[in-house]
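Since the structure comes first, as structure tokens, the remarks are kept for the end.
The values are calculated or read from the model by the stated rules, or taken from the named source; none is laboratory data. The structure presented is a predicted model; accordingly, all values stated were derived computationally and were not measured. All Cβ positions, even for glycine, are placed from backbone atoms using ideal geometry, and neighbour counts span all protein chains on display.
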Amino acid sequence: METSIIISGYGGQGILFAGSLLCHAAVIEGKNTTWIPSYGAEMRGGAANCSVNISDDEISSPVIDKADVLFALNLPSELKFEHRIKPGGLMLLNTSLVKKIPERQDIEYLNMNLNDMAEELGGNGFANVIAVGAFVEKTKILSIDSLQQALMVMTAGKKEHLLSANLKSLECGINFMKSMSKVSL
């Protein structure tokens, strides 16, 4: 089964890191994956997005026309990519920054106050990793263990000081989804 994901926001939100994290975890699990980054010339604040494919089989093209999943971490991302989600798809929406009421009736919305959640972690939280944790807990596309291993690899060396905050952020997203599933029972 192949899952196509677009992660979008602005530079500085860790958009490319989130996509790379999913790809690293997929490789750890022996899955096929592609990652295509796209960003503006600005250092921070400009548009940024990446396309990620994860599959048990060969991936015929890394280009995503219609995605199964969209992470919209700001309003311009929601406006730009909402129409590119397949019917029956999922949009993970950062409601800390997106106040617009979603328009589509044929997709599922996962509303998360990601910036607020990150702030609750003492300012050491990463909204992008919280989103990845929630997404993986909801879809089970990858294991939590492979995400943790990928974080260890990606933060080794000069970024090792970020590992603890990333792991806490991942756990925050996972726990959010677990609490949501208890509410819907």
Under 8 Å between Cβ atoms, at least 6 apart or on separate chains: pull out the pairs that start in region 139-166 with a residue that is part of a loop (DSSP other than H, G, I, E, B) and end on any residue that is among the hydroxyl-bearing types (Ser, Thr, Tyr) and surrounded by 15 or more Cβ atoms within 10 Å (Cβ to Cβ).
-> 141/3
Answer with yes or no whether residue 117 is in contact (Cβ under 8 Å) with a residue 24 or more places away in the chain and closer than 24 Å to residue 25 by Cβ.
-> yes
In region 78-96, anything out of contact with any helix residue (DSSP H, G or I) (no Cβ under 9 Å at 6 or more places or on another chain) and not in a strand (DSSP E or B) is listed as 78, 79, 80, 81, 82, 83, 84
Looking at region 132-143, is at least one residue under 22 Å from residue 82 (Cβ atoms), at pLDDT 95 or above and touching a Cys at 6+ places or on another chain (Cβ under 9 Å)?
-> yes
Among the residues of region 1-47, write down those that are out of contact with any helix residue (DSSP H, G or I) (no Cβ under 8 Å at 6 or more places or on another chain), in a loop (DSSP other than H, G, I, E, B) and within 17 Å of residue 166 (Cβ to Cβ).
-> 12
Taking region 1-14 as the search range and keeping residues that are within 14 Å of residue 76 (Cα to Cα) and touching a residue at least 60 places away in the same chain (Cβ under 8 Å), which one is surrounded by the fewest Cβ atoms within 10 Å (Cβ to Cβ)?
-> 10
Scan region 97-138 residue by residue and report those that are part of a loop (DSSP other than H, G, I, E, B), surrounded by 13 or more Cβ atoms within 10 Å (Cβ to Cβ) and in contact with a strand residue (DSSP E or B) (Cβ under 8 Å, 6 or more places away or on another chain).
-> 98, 102, 104, 107, 113
Kindly establish whether residue 55 is touching a strand residue (DSSP E or B) at 6+ places or on another chain (Cβ under 8 Å), surrounded by fewer than 18 Cβ atoms within 10 Å (Cβ to Cβ) and modelled with pLDDT of 95 or more.
-> yes
Of the residues that sit in region 15-48 and are within 12 Å of the chain's Cα centre (by Cα) and under 20 Å from residue 65 (Cβ atoms), which one is surrounded by the fewest Cβ atoms within 10 Å (Cβ to Cβ)?
-> 23
Only residues in region 69-91 that are free of Cβ contacts under 8 Å to residues at least 12 places away in the same chain and within 11 Å of residue 6 (Cα to Cα) count as the first member; pair them with residues that are surrounded by fewer than 19 Cβ atoms within 10 Å (Cβ to Cβ) and not acidic (Asp, Glu), Cβ under 9 angstrom, at least 6 apart or cross-chain, and list the lot.
-> none
